[in-house]
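What follows is a set of notes on a single structure, which appears directly below.
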Amino acid sequence: MGIFNPGGGTGGPRAKAQRLDMLLGIIGFFAFMAVVQTVVLEVRGEPAGTAAVLLAVLLAALWFVWRLRRNIGV
């Protein structure tokens with residue numbers, strides 16, 4: 001019973017690929033917003049360390065999910 005498929009083992013590789021595509025979109029959106037926030041903070045001269053760490057974590061998650069999606073092969 002997975003987090004993205006509470007019905008159990010139903011769904012093949014195509015369903016898994018679709019779930020990963022959705023996750024890529026969500027993480028990608030928040031990564032883009034983190035880029036905007038980091039740039040704005042840097043331009044204003046305010047501390048942007050926390051925003052930069054958040055951006056790094058989101059980009060790492062985006063890369064990881066993208067690799068998973070690419071390895072599905074659908």
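The values are calculated or read from the model by the stated rules, or taken from the named source; none is laboratory data. These figures come from a predicted structure and were not determined experimentally. Don't worry about glycine lacking a Cβ; one is built from the backbone with ideal geometry, like all the others, and counts go over all protein chains shown.
Quick look at the values:
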item	result
Residue in segment 30-62 that is nearest to G11 (Cα to Cα), counting only those that are in a helix (DSSP H, G or I) and not aliphatic (A, V, I, L, M)	F30
Scope segment 35-70; condition more than 19 Å from the chain's Cα centre (by Cα) and basic (K, R); matching residues	R44
Condition check for G12: small (G, A, S), modelled with pLDDT under 95, surrounded by fewer than 15 Cβ atoms within 10 Å (Cβ to Cβ) and farther than 17 Å from N71 by Cα	no
Test: residue in segment 63-74 that is under 30 Å from G11 (Cα atoms), touching a residue at least 60 places away in the same chain (Cβ under 8 Å), touching a helix residue (DSSP H, G or I) at 6+ places or on another chain (Cβ under 7 Å) and of a type in the set (A, V, I, L, M, F, W, C)	yes
Matching residues, segment 15-58, being under 18 Å from V74 (Cα atoms), at pLDDT 95 or above and small (G, A, S)	G25
